[in-house]
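Novice: Encoded as structure tokens, here's the structure I'll be asking about.
The values are calculated or read from the model by the stated rules, or taken from the named source; none is laboratory data. Just so it is clear, the model here is predicted, and its values are computed rather than measured. Backbone-built Cβ (ideal geometry, glycine too); neighbour counts: all protein chains shown.
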Amino acid sequence: TEKQFSFVVPPEIETIPEAKEEFLRAMEEDQRHYDSLTNLLKEKHRKAFLQEGLSEKAAARKAQKKAIEDARFVLPNACTTKLVCTMDARSLMHFFSLRCCNRAQWEIRDVAEQMLWLVKKVAPHLFAKAGPACLYGPCPEGKMCCGHADEVRTHYAEMSGEK
């Protein structure tokens, strides 16, 4: 068995015990499929690499890497992914204005808020007004506005220690 992939249980699923059980069963099943595909692919690739003249050790290593690349396609969206990105201050400000918004998907909003608090510690003056677009003016979403600008402003003021 390969290492268990890590995953995120969405908060709404977490609140319903039956839904959480179903979700966890699905993750276990996905893990079994991933392990099975990895093993099938690994053996196929190992044989091919041996025929190419690689040593057993080198063939096994390359086969493992190639197998997990293809087997990953069976993993669910809930599977966590480590990501490194680079942004300048202007791009970060834009990112925060969009992704700290209540209308952003919960997971990216959580990441954006964590990033915001980190950059505020490093460059408080530069990111003093960073956050969702409705913090310092009307919501740019128009009819699609969440309608909670006052709550959002309170939340960010509390997080910044302003209240």
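Novice: Against the conditions (1) surrounded by 12 or more Cβ atoms within 10 Å (Cβ to Cβ); (2) within 21 Å of Glu107 (Cα to Cα), where does Leu50 fall short? Just the number, please.
Specialist: Condition (2) is where Leu50 drops out.
Novice: For residues in segment 65-86 being among the aliphatic types (A, V, I, L, M) and surrounded by 13 or more Cβ atoms within 10 Å (Cβ to Cβ), which is farthest from Pro10 (Cα to Cα)? Steps first, please.
Specialist: Taking segment 65-86 first, the residues among the aliphatic types (A, V, I, L, M) are 67-68, 71, 74-75, 78, 83-84.
Then drop every residue that is not surrounded by 13 or more Cβ atoms within 10 Å (Cβ to Cβ), which leaves 67-68, 71, 74-75, 78.
Numbers: Ala67: 29, Ile68: 25, Ala71: 24, Val74: 19, Leu75: 16, Ala78: 8 Å.
So the residue we want is Ala67.
Novice: Considering only segment 112-128, how many residues are under 14 Å from Met159 (Cα atoms), of a type outside the set (Asp, Glu) and in contact (Cβ under 8 Å) with a residue 12 or more places away in the chain?
Specialist: Of segment 112-128, the ones under 14 Å from Met159 (Cα atoms) are 112-121, 124, 127-128.
From the residues that got through so far, the ones that are of a type outside the set (Asp, Glu) too are 112, 114-121, 124, 127-128.
After this cut, where a residue has to be in contact (Cβ under 8 Å) with a residue 12 or more places away in the chain as well, the list is 112, 115-117, 119-120, 127.
Matching residues across segment 112-128 total 7.
Novice: Which condition breaks for Arg103 when tested against (1) of a type in the set (D, E, K, R); (2) farther than 27 Å from Ile13 by Cα; (3) in contact with a Cys (Cβ under 9 Å, 6 or more places away or on another chain)?
Specialist: Failed condition: (2).
Novice: Quick check on segment 145-161: of everything there that is within 25 Å of the chain's Cα centre (by Cα) and part of a helix (DSSP H, G or I), which residue is nearest to Ala104 (Cα to Cα)?
Specialist: Only one residue fits best here, namely Val152.
Novice: Being at negative phi, at pLDDT below 95, under 17 Å from the mean Cα position of the chain (by Cα) and among the charged types (D, E, K, R) is the requirement here; does Lys82 meet it? I'd like the intermediate steps shown before the answer.
Specialist: Values: at negative phi: yes; at pLDDT below 95: yes; under 17 Å from the mean Cα position of the chain (by Cα): yes; among the charged types (D, E, K, R): yes.
Spelling it out, Lys82 is indeed at negative phi, at pLDDT below 95, under 17 Å from the mean Cα position of the chain (by Cα) and among the charged types (D, E, K, R).
Novice: Condition check: surrounded by 10 or more Cβ atoms within 10 Å (Cβ to Cβ) and over 30 Å from Ile13 (Cα atoms). Does Ala112 satisfy that?
Specialist: Numbers: surrounded by 10 or more Cβ atoms within 10 Å (Cβ to Cβ): yes; over 30 Å from Ile13 (Cα atoms): no.
Spelling it out, it is not the case that Ala112 is surrounded by 10 or more Cβ atoms within 10 Å (Cβ to Cβ) and over 30 Å from Ile13 (Cα atoms).
Novice: Could you give me the residue pairs with C-beta distances under 9 Å whose first residue belongs to segment 143-163 and is loosely packed, with under 11 Cβ neighbours inside 10 Å, whose second residue is of a type in the set (D, E, K, R) wherever it lies, and which are 6+ apart or on separate chains?
Specialist: Matching pairs, first to second residue: Met144/Arg103.
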